[in-house]
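The structure appears right after this line, and notes come after that.
The values are calculated or read from the model by the stated rules, or taken from the named source; none is laboratory data. All values derive from a computational prediction rather than experimental measurement. Here the Cβ is made from the backbone with ideal geometry for all residues, glycine too, and neighbour counts use every protein chain on show.
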Amino acid sequence: MENLWIIGGIVLAASTVQSLTGFGFALVAVSLLPLMMDLQTAVPLIVLVSAVGNAILCWHYRHSMEGAMVARLIAAALVTLPIGLWGLNYLPEQWSLRLLGAVILAYALYDGLQFSLPALRSPHWAYAFGAVSGVLTGAFNTGGPAVVMYGSCHKWQPEQFKSNLPSVFLVTSLSAIALHLWQGNITPTLLQTTAYTLPFFAGGIALGFALSRYIDPVQFRYVVLVLLGVMGLRLMV
């Protein structure tokens, strides 16, 4: 695969954003990698790399995970995940890119404008948000916004986000990997590219920790959201 250095640089930038702000690896990576490769290659690459990060975070925060709530989100996501994967493989890429741009732009507006969301008392809402997350995970590995919105409706504290989100994403990522294998999207070349990018991923996490001493994460988060909005518009048009 050509341009491995650029691909590694994108992974480095995305993981640095994740380390600094607590979100955004998949969103940043999936908005930039289609410049270097087709979506059918970019999405499984992101799934493989992010699964490693989610496994580490899930283990670190395993004691604070809320099992019942996470289980409902995961159950719904696993049902709808194949629908998103079907769309990735069979919809025209131009349509997929426009939909991806709309998802990225919508999340940037939602997070940047800090919309006040209603409180959802019924635990059954987890199935609805989990289902949306599953479709977006299968299609673009961008199932995070739906789960983040659900957590916001339930007034999750930072520790709850840090423990519950990686738990959901680890299971859905592993399921997505299995489906991508079954569909033949994960090739030996892609595995080699994944192995090549993992040091960049680790370097970005370490760089984010180092920069956090000098950069205000809140202000940096808004800069990232603006850039995501611009990239989302670009993909749409």
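Quick notes on this one:
- Candidate set: region 155-167, residues that are surrounded by 20 or more Cβ atoms within 10 Å (Cβ to Cβ) and more than 11 Å from the chain's Cα centre (by Cα); chosen: the one nearest to Phe115 (Cα to Cα): Asn164
- Assessment of region 207-218 against the conditions (at pLDDT 90 or above and of a type in the set (A, V, I, L, M)) yields at least one matching residue.
- Selected residue [surrounded by fewer than 18 Cβ atoms within 10 Å (Cβ to Cβ) and either touching a strand residue (DSSP E or B) at 6+ places or on another chain (Cβ under 9 Å) or closer than 27 Å to Ile7 by Cα (or both)] from Glu93, Glu66: Glu93
- For beta carbons closer than 9 Å, sequence separation of 6+ or different chains, a first residue in region 32-51 that is free of Cβ contacts under 8 Å to residues at least 12 places away in the same chain and over 21 Å from Gly134 (Cα atoms) and a second that is β-branched (Val, Ile, Thr) and in a helix (DSSP H, G or I), the qualifying pairs are Leu35/Ile6; Leu35/Ile10.
- The condition of being under 12 Å from the mean Cα position of the chain (by Cα) and either acidic (Asp, Glu) or closer than 17 Å to Thr142 by Cβ (or both) holds for only one of Ala77, Ala13, Ala26, that being Ala26.
- The residues in region 185-209 that are within 19 Å of Phe23 (Cβ to Cβ) and either surrounded by fewer than 14 Cβ atoms within 10 Å (Cβ to Cβ) or among the polar types (S, T, N, Q) (or both) can be counted, and the count is 2.
Every residue, every condition in (1) among the hydroxyl-bearing types (Ser, Thr, Tyr); (2) without any contact (Cβ under 8 Å) to a residue 40 or more places away in the chain, yes or no:
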residue	(1), (2)
Leu109	no, no
Gly112	no, no
Ser116	yes, yes
Tyr127	yes, no
Ala131	no, no
Val135	no, no
Met149	no, yes
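- Of the listed requirements (1) at pLDDT 85 or above; (2) within 22 Å of Phe129 (Cα to Cα); (3) more than 14 Å from the chain's Cα centre (by Cα), Ala68 misses just one: (1).
- When we screen Ser133, Ser167 for residues that are among the small types (Gly, Ala, Ser) and at pLDDT 90 or above, the only hit is Ser133.
- Within region 147-160, tally of residues that are under 17 Å from Asn54 (Cα atoms) and in contact with a helix residue (DSSP H, G or I) (Cβ under 9 Å, 6 or more places away or on another chain): 4
- Summed over region 96-107, residues that are touching a residue at least 60 places away in the same chain (Cβ under 8 Å) and closer than 23 Å to Trp182 by Cβ total 1.
- Checking each residue of region 162-179 against the condition of being over 30 Å from Trp86 (Cβ atoms) and small (Gly, Ala, Ser) gives at least one match.
- Hey, Leu174 surrounded by fewer than 16 Cβ atoms within 10 Å (Cβ to Cβ), under 27 Å from Leu39 (Cα atoms), out of contact with any Cys (no Cβ under 9 Å at 6 or more places or on another chain) and at pLDDT 90 or above or not: yes
- Some residue of region 114-125 being touching a Ser or Thr at 6+ places or on another chain (Cβ under 8 Å), at pLDDT below 85, among the hydrophobic types (A, V, I, L, M, F, W, C) and not in a helix (DSSP H, G or I): yes
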